Amino acid sequence: MIRSVLVRACAVWLLLAAGAPGSPARQAQPPAKPPATSPPAVTPPRVRPVFENDRVRVIEVLWEPGAATQPAKLGDGDTVGVVVRGGAMEHALAAGKTERRERQTGDVLWQPGNRQIEARRNAGSSPIQIVQVLLKKAPPTGAYRAAPPGGRKVLDNRRVAVFDRELAPGQKIAMHKYAPRIWVVLEGGTLQATDPEGKQQQARVLPAQVLALISTEHSIENIGKRPVRYVSIELK
């Protein structure tokens, strides 16, 4: 009697384990999906306004290591960029390819307005600092004629003429009439300007300093003890 009861109990247990006749078979549970992970955060470069007038808007862009931008559409204004501190910039190209471009201090970059630019990233281990001069829509200055002797012309088009100049201690640029211009200082020191009447004015310029200079006539001399280097963007 006890044995028959045990046999029936085992049979019931087996039916429950296998599923009752006519009941759907138990389905194996799919493995749990791992939690979704967000893409790593992208830190954009830091932008600092420098100054603005009726002809230009100047900003300083600092790319810390790893700082990146997404593809973007530029506005209408053309832009002159001057590299103050260089480094390795990675540009995203078509089909997932990238191109590494080494930027050197003093490089001048021309970007026409109203066009698409690719994503970019500071791929190096040190910050990259670039001063960008956005050229507004404005009538020609009519003041640009030619540059004084010396210096290296790095860009010349319908909007600007750009020169990379370095003055050794004691070196002088002869009297010259200048167009309105933007200076981006790369290596600082002390300069002295003398106008046609003999009036003198001294100024100490610092690395990464940006100066907006009006149309004027004067000579310039490095009266300091170290070379002074600057990029001059002359507005046409």
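Just the residues that are surrounded by fewer than 17 Cβ atoms within 10 Å (Cβ to Cβ) and within 22 Å of Lys153 (Cβ to Cβ), please, taken from the range 215-228.
Ser215, Thr216, Glu217, Ser219, Pro227
Go over the candidates Leu167, Leu134, Leu74 one by one and state the one that is under 23 Å from Trp183 (Cα atoms), in contact with a Gly (Cβ under 6 Å, 6 or more places away or on another chain) and not aromatic (Phe, Trp, Tyr). Give the derivation first.
Working: Leu167 fails: in contact with a Gly (Cβ under 6 Å, 6 or more places away or on another chain); Leu74 fails: under 23 Å from Trp183 (Cα atoms).
Going through Leu167, Leu134, Leu74 in turn, just one is under 23 Å from Trp183 (Cα atoms), in contact with a Gly (Cβ under 6 Å, 6 or more places away or on another chain) and not aromatic (Phe, Trp, Tyr): Leu134.
Given the criterion under 28 Å from Ala179 (Cα atoms), modelled with pLDDT of 95 or more and surrounded by 10 or more Cβ atoms within 10 Å (Cβ to Cβ), identify the matching residue among Glu52, Glu90, Glu64.
Values: Glu90 fails: under 28 Å from Ala179 (Cα atoms); Glu64 fails: under 28 Å from Ala179 (Cα atoms).
Every option except Glu52 fails the conditions.
Name the pairs whose Cβ atoms lie under 7 Å apart, with the first residue in the range 100-128 and in a strand (DSSP E or B), the second polar (S, T, N, Q) and at pLDDT 95 or above, and 6 or more positions between them or separate chains?
From residues that are in a strand (DSSP E or B), the pairs are Gln111/Thr79; Arg120/Thr69; Ile128/Asn122.
Test Ala193 against the stated conditions and say whether it is among the hydrophobic types (A, V, I, L, M, F, W, C), over 27 Å from the mean Cα position of the chain (by Cα), under 26 Å from Leu134 (Cα atoms) and surrounded by fewer than 18 Cβ atoms within 10 Å (Cβ to Cβ).
On the way: among the hydrophobic types (A, V, I, L, M, F, W, C): yes; over 27 Å from the mean Cα position of the chain (by Cα): yes; under 26 Å from Leu134 (Cα atoms): no; surrounded by fewer than 18 Cβ atoms within 10 Å (Cβ to Cβ): yes.
In short, no.
Quick check on my filter: what residues within the range 83-99 are without any contact (Cβ under 8 Å) to a residue 24 or more places away in the chain and either within 26 Å of Phe163 (Cα to Cα) or in a strand (DSSP E or B) (or both)?
Of everything in the range 83-99, those that are without any contact (Cβ under 8 Å) to a residue 24 or more places away in the chain and either within 26 Å of Phe163 (Cα to Cα) or in a strand (DSSP E or B) (or both) turn out to be Thr98, Glu99.
The values are calculated or read from the model by the stated rules, or taken from the named source; none is laboratory data. Keep in mind that what you see is a predicted model, and the values were worked out from it rather than measured. Glycine gets a Cβ as well: all are built from the backbone with ideal geometry, and neighbour counts include every protein chain shown.
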